[in-house]
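This report refers to the structure that appears directly beneath it.
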């Protein structure tokens, strides 16, 4: 049985080897991304991912260490080479004005689009109760019909969402679990999930923490679940750019173009909030001032019959509308 002192000595020895360049700890060959402002810088996100991969590697050596959800989530995203999605700020606002969490039948047809993905949010767009803000979340999927879907192995590191099952309610009766975890700008980690039974039903959430923290968690769950719904059912909201070759020298030109950087996918790039009312003289289209004397007509998701005999159903989003009363 490994003692804490032995664990600390081993970690210290590994850190010394890393500094000397002769460590047996794995090197993580993560791809390079070109992330636009005002989203989290890739070098910061890469550092967070690598330290969690390293933590996962060390945990494998000492199986008495409890699994950490953020560590497992970020590690899985990296090990499975999951995509990165930037979520548009106005789309986030629209999601916040739409309810999805209490519609069980809406999620009954949801299938995991990929095993893991990473959502990036504009800086300051999702404040947290402790005064920070959330700028990323790793999203993973556990699928009862696809064994191994929630596991990954690479660089000598392995991760499996089943290792964190004890952190959730029993998932034996779930068809699909959507989990998410992240860290805000104040280094507060968070994690949650939505388990979906085969009939689309789910267990009601249990409050953990203060009222403000629970309210925030429910609001963030709406953003995550609707982002997943957009990926799965709203292809018109999804866009992707090709990899970009980073040039060197003035203007990025020249023969030596450097290495290619991946570009993130987008959810709702350039999204325009629906509005009802007139733009007043001298007022810019889409100006923030337009919202001062307006109110929201909330949006919702519903299942719409379609196909032959209208026997099939698909989820559609009735978008929220910012309404300005007539003068």
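Structure values in brief
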quantity: Selection count where residues are surrounded by 12 or more Cβ atoms within 10 Å (Cβ to Cβ) and under 14 Å from residue 108 (Cα atoms), scope the range 190-202; calculated: 8
quantity: Hits in the range 131-166 (condition: within 23 Å of residue 108 (Cα to Cα), in contact with a helix residue (DSSP H, G or I) (Cβ under 7 Å, 6 or more places away or on another chain) and not in a strand (DSSP E or B)); calculated: 150, 161
quantity: Within the range 288-327, considering residues that are modelled with pLDDT of 80 or more and not in a strand (DSSP E or B), the one surrounded by the fewest Cβ atoms within 10 Å (Cβ to Cβ); calculated: 298
quantity: Some residue of the range 214-227 being more than 26 Å from residue 161 (Cβ to Cβ), surrounded by fewer than 17 Cβ atoms within 10 Å (Cβ to Cβ) and modelled with pLDDT of 85 or more; calculated: yes
quantity: Where a residue in the range 252-280 is more than 21 Å from residue 121 (Cα to Cα) and its partner, wherever it lies, is modelled with pLDDT of 65 or more and part of a strand (DSSP E or B), with Cβ under 6 Å and at least six apart; calculated: 275/322; 276/321; 276/323
quantity: The range 256-287, subset more than 24 Å from residue 95 (Cβ to Cβ) and at pLDDT 85 or above, residue farthest from the chain's Cα centre (by Cα); calculated: 261
quantity: Residue in the range 168-178 that is modelled with pLDDT under 90 and outside any loop (DSSP other than H, G, I, E, B) present; calculated: yes
quantity: Residue within the range 43-64 that is surrounded by fewer than 16 Cβ atoms within 10 Å (Cβ to Cβ), at pLDDT below 75 and in contact with a strand residue (DSSP E or B) (Cβ under 7 Å, 6 or more places away or on another chain) present; calculated: yes
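The values are calculated or read from the model by the stated rules, or taken from the named source; none is laboratory data. Please read all numbers here as calculations on a predicted model, not as lab measurements. We place every Cβ from the backbone using ideal geometry, glycine too, and count neighbours over all the protein chains shown.
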